[in-house]
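The values are calculated or read from the model by the stated rules, or taken from the named source; none is laboratory data. This one's a predicted model, so the numbers in the text were calculated from it and none came from an experiment. Glycine gets a Cβ as well: all are built from the backbone with ideal geometry, and neighbour counts include every protein chain shown. Remember, those area values only see protein heavy atoms, side chains included, never the ligands or the DNA or RNA. Shrake-Rupley method; radii C 1.70, N 1.55, O 1.52, S 1.80 Å.
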Amino acid sequence: GAYYNPNIEAARFIVEEIAAELKDIDIVILGTVSDYFRNNNVPENVRLIGRVNDEELFEWLAIADLALNPMFTGSGINMKMLDYFSFAIPVVTTWVGARGIDGVDSSDFMACDKEECIGNIKRLIENKERRIKMGRNARHIAENTYNWKKMSIEYDDILKTLIKRNQIGSKTQDFLCCHGKT
């Protein structure tokens, strides 16, 4: 995550509570939010990686068994959830972290209150079959709901309809990307 207050709050929870309680689990924190901890001691089971490019991000996501998204504040959809989904990684998140995500709690991801995070992480770690199923469900959502190509076609159709109805100016057409065409 980026060095942004809601991400810092989530990372602090991971470092101070989750990592301290689940010492036998290796936790990796990616992104500039890691900079918040650079001058602090972190538990031995926490690795602060820092800023990564897409290739490095994909390498980390490819080996992850579980993703955490314990967001408590902020707004909008957490794009990191869609990254996790696209790699079929089961996710433990808070209700704030799951906002805007089209999916079913306990089937596609695990959303919970702060107090339930550690218990849910333990349950998923202990149940590989459930992790695999949840990851597959998440991947299905990424492919069918949040697929950029599919979404762009749907938005393109909406914009074309609005143009036909003259609800938006014809000059807008110059800025629309219609499946690679202008």
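Straight-line cross-link partners of Lys164 among the lysines, defined as a Cα under 20 Å from its Cα and at least 8 positions apart when in the same chain: Lys181. Antiparallel beta bridges, as assigned by DSSP with both residues in the chain, represent about 10 percent of the total such bridges. Computed over the chain, relative contact order equals 16 percent, with contacts defined as Cα pairs under 8 Å that lie 6+ residues apart. With all protein chains kept in place, the per residue accessible area of the chain amounts to 62 square angstrom at a probe of 1.4 angstrom. Kirkwood Rh over alpha-carbon pairs of the chain, then Stokes-Einstein at 25 °C and 0.890 mPa s: what D in µm² s⁻¹, rounded to an integer? My calculation gives 137 µm²/s for D. Between Ile27 and Val46, Arg47, the built amide H atoms are under 5 Å apart, and every one of these is 5 or more places off in sequence or on another chain. Taking only the alpha carbons of segment 1-54, we obtain Rg and Dmax values of 10.4, 31 Å in that order.
Give me the percent of the accessible area of the chain that comes from carbon and sulfur atoms, probe 1.4 Å, all protein chains in place. Ligands and nucleic acids excluded, carbon and sulfur reach 48 percent. Summarising the amide proton neighbourhood of Ala111: residues at separation of 5 or more, or on other chains, whose placed amide H is nearer than 5 Å comprise Thr93, Ser106.
In a shell of Cβ-Cβ distance under 14 Å around Lys150, excluding Lys150 itself, what net charge do Lys and Arg (+1) and Asp and Glu (-1) give? With Lys, Arg at +1 and Asp, Glu at -1, the net is -4. Per the Debye formula on identical point scatterers at the alpha carbon atoms of segment 47-124, with no solvent, log10 I(q)/I(0) at q = 0.27 Å⁻¹ is -1.37. Exposure check, 1.4 Å probe, all protein chains in place: Leu48 carries approximately 40 Å² of accessible surface. Farthest toward the positive end of the dipole of the chain, out of Val28, Cys117, Ala67, is the Cα of Ala67, where the dipole comes from beta carbon charges about the Cα centre.
Measuring between alpha carbons in the structure, the pairs from Lys80/Lys122; Lys80/Lys128; Lys122/Lys150; Lys23/Lys133; Lys23/Lys80 lying more than 31 angstrom apart are Lys122/Lys150.
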